[in-house]
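Student: Below you'll find the structure I mean.
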Amino acid sequence: MNYYLTILLIVLSLLALLDVAFPKQKKLGEQLFHIAFFFSFCWVGIKYYLGPDIFSYVPFYENVPSPALVLQGKGYTTHNFEIGYVLFCSVLKHVGISFWGMTFIITTIYFYAIYTLFKQIPHQKTLALYALCLLDYNLILYEYRQCLAVSFFIFSYFAYKNRRYVWLLVFSIIAISMHKSAIFIYFASLALIPFWHLRIDKRVYILLCFLFLTLLFIPLKPILLTLAAQLPLSQAAYSSIALHLKWGNTIQLIFPIYLLLIVNLAYYTQFNDKQNQKWHWFMWCCIAVIVFLYQYWFFLNRLRSYFLPFLLIYVFKTLVFSNKKDIWLRQLFVLVFFAYGAYFLIGNYIQSKKLVSKTNNISTVLERIRNSEEELKKRQMAEAKKYWLYDFKKVGH
């Protein structure tokens, strides 16, 4: 069983339940959030050679060339990692930072970005943090390169918001250099800017509901691959997209969450709020991405990580500041979300019983008290190898 993730989500769900149970206790809500955030940061930060991806990340980090060689384009091409991440690892490795130290720095950067961003959520930030960790646990625990890319995407948002355009350019370049998926997000963001004055109302959300239900019966993979083939992509990028579109399911446990999200926003959003018109437009576009890529969850999750934190802020602001007095619909949304979290843990337990590898079992830096780094690394690398040999096809990614 993925005990590491299980402990994280159980603790956050309990704290989130307390947060929801006392919605008018603002001081208590802030205290719960800081407890939840501190726990999440520490628990994720102390992970030690955790997960299957270390099978490629660890050998790369241990043999990464010097920064001088990286800048010359030497010594890293066989790993197929982006230049930004290679240089990031190279600098840390050659100043004496261990592999765990590198992962801790990534965790710190990401949680700093999230903490700064979540200041915009008026109430129940603990529930938002639980939702983020539940829906994006892969990014937080395993996906080092994209975690950096998402972090710098958030930093670029703050640079844009504060009109620091030089820093916007710098953060954008860093994000793209950390993971190639970032370039699609920036390109899409730029493409949407000319249309941000378009008016959004309930009708477009009704349209999304209709499309959501209709697309359950229409496979979009051939269309998406055709569109990708028309873009100026390298063969490696096209192959990556094809790989991510390989796995998909029409019936998914998260379906009612997405559907209720659309319904709640349609009902509670104050569409006549002209000051936030561009956010109405951008967030509708993000939900449209979810609708169109719902079947291909592996591909969707790669893109969703960039806009999920912003979508959470938008949703919580919408539900909190709505002028609608009846709250039954949003209460149903929250209830279903907690039920989804519980079923997710049950499903995760059932699936883990079928796996050979134990690479996701608890492994923290605190074990260094009794074991050497080499012993722990050997144990975890052996489990990661089992995952790719025996379990990869079972979990579908």
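Student: From the P(r) of segment 275-397, could you give the percentage of C-alpha pairs in the tail past 26 Å? Don't skip to the end; give the middle numbers.
Tutor: Numbers: 3607 of 7503 pairs.
Value for segment 275-397 (Cα pairs over 26 Å): 48 percent.
Student: For segment 262-271, take each phi angle, set θ = phi - 60°, evaluate the Karplus expression 6.51 cos²θ - 1.76 cosθ + 1.60, and give the result in whole Hz per residue in order, putting x for glycine and proline.
Tutor: Once rounded to whole Hz, the list reads 4, 5, 5, 5, 4, 7, 9, 5, 8, 6.
Student: For residue 364, which sequence-distant residues (separation of 5 or more, or a different chain) have an amide H within less than 5 Å of its own amide H, given hydrogens modelled in the peptide plane?
Tutor: 48
Student: Less than 16 Å apart at the alpha-carbon level, and either on another chain or at least 8 residues along: which lysines does that give for residue 246?
Tutor: 221, 393, 394
Student: Using only the alpha-carbon atoms of the chain as identical scatterers, what base-10 log of I(q)/I(0) does the Debye formula give at q = 0.11, 0.13 Å⁻¹?
Tutor: Calculated log10 I(q)/I(0) at the listed q: -0.87, -1.26.
Student: Next question. Dividing the Cα radius of gyration by the Kirkwood radius, what Rg/Rh value follows for segment 1-81?
Tutor: Numbers: Rg = 20.1 Å, Rh = 16.1 Å.
Here the Rg-to-Rh quotient is 1.25.
Student: Next up: Each residue of segment 346-352 in turn: what ³J(HN,Hα) in whole Hz from Karplus with 6.51, -1.76, 1.60 and θ = phi - 60°, glycine and Pro shown as x?
Tutor: 5, x, 5, 5, 4, 5, 5
Student: In debye, nearest 20: dipole of the chain around its Cα centre with unit charges on the Cβ of K, R (+) and D, E (-)? Intermediate results must be reported in sequence, preceding the final value.
Tutor: Numbers: 38 positive and 16 negative charges, 104 e Å.
Charge dipole, the chain, about its Cα centre: 500 debye, nearest 20.
Student: Could you grab the relative contact order for segment 1-136? Cα pairs under 8 Å, six or more apart, rounded to a whole percent. Provide the component values of the computation, followed by the final result.
Tutor: Values: 100 pairs, mean separation 56.0, N = 136.
Rounded, it is 41 percent for segment 1-136.
Student: If you don't mind, another one. How big is D for segment 167-211, in µm² s⁻¹ as a whole number, if Stokes-Einstein is applied with the Kirkwood radius of its Cα pairs at 25 °C and 0.890 mPa s? Please report the intermediate quantities before stating the final value.
Tutor: Details: Rh = 12.8 Å.
Result for D is 192 µm²/s.
Student: Taking 8 Å as the Cα distance limit and 6 or more residues as the minimum spacing, I'd like the relative contact order of the chain as a percentage. Please list the in-between numbers first.
Tutor: Details: 421 pairs, mean separation 102.5, N = 397.
Averaging sequence separation for qualifying contacts and normalising by length gives 26 percent for the chain.
Student: Checking the cross-link filter: which aspartates and glutamates have an alpha carbon closer than 19 Å to that of residue 377, excluding same-chain neighbours under 8 positions apart?
Tutor: Here the aspartates and glutamates satisfying the reach criterion relative to residue 377 are 53, 62, 143, 367.
Student: How long is the gain from residue 198 to residue 366 if the chain were fully straight, where each residue apart is worth 0.36 nm and the alpha carbon distance is subtracted?
Tutor: Numbers: separation 168, 0.36 × 168 = 60.48 nm, distance 5.30 nm.
Taking residue 198 through residue 366 to full extension adds about 55.2 nm, to one decimal.
Student: Among 327, 220, 197, which residue has its Cα positioned farthest towards the positive end of the charge dipole of segment 172-331, with +1 placed on the Cβ of Lys and Arg, -1 on the Cβ of Asp and Glu, and the dipole taken about the Cα centre?
Tutor: 327
Student: Counting only heavy atoms of protein chains, what accessible area per residue, in Å², does the chain have with a probe of 1.4 Å?
Tutor: On the way: 19760 Å² over 397 residues.
Dividing the accessible area of the chain by its residue count gives 50 Å².
Student: Where does each of 201-211, 100-110 land if you order them by average Cβ count within 10 Å, highest first?
Tutor: Numbers: 201-211: 15.0, 100-110: 19.1.
So the peptides 201-211, 100-110, ranked by packing, come out 100-110, 201-211.
Student: Still on this structure: How much FRET efficiency would the formula 1/(1 + (r/R0)^6) give for residue 30 and residue 392, where r is the Cβ-Cβ distance and R0 is 45 Å, rounded to 0.05?
Tutor: Values: r = 42 Å, r/R0 = 0.94.
In this case the efficiency is close to 0.60.
Student: Which entries in 125/353; 353/385; 161/202; 93/358 show an alpha-carbon gap greater than 22 Å? Walk me through the numbers on the way to the answer.
Tutor: Numbers: 125/353 33 Å; 353/385 18 Å; 161/202 27 Å; 93/358 27 Å.
From 125/353; 353/385; 161/202; 93/358, over 22 Å: 125/353; 161/202; 93/358.
The values are calculated or read from the model by the stated rules, or taken from the named source; none is laboratory data. No experiment lies behind these values; they were computed from the predicted model shown. All Cβ positions, glycine included, derive from the backbone under ideal geometry; neighbour counts span all protein chains shown. Keep in mind that these areas ignore ligands, DNA and RNA; they rest on the heavy atoms of the full protein, side chains included. Shrake-Rupley method; radii C 1.70, N 1.55, O 1.52, S 1.80 Å.
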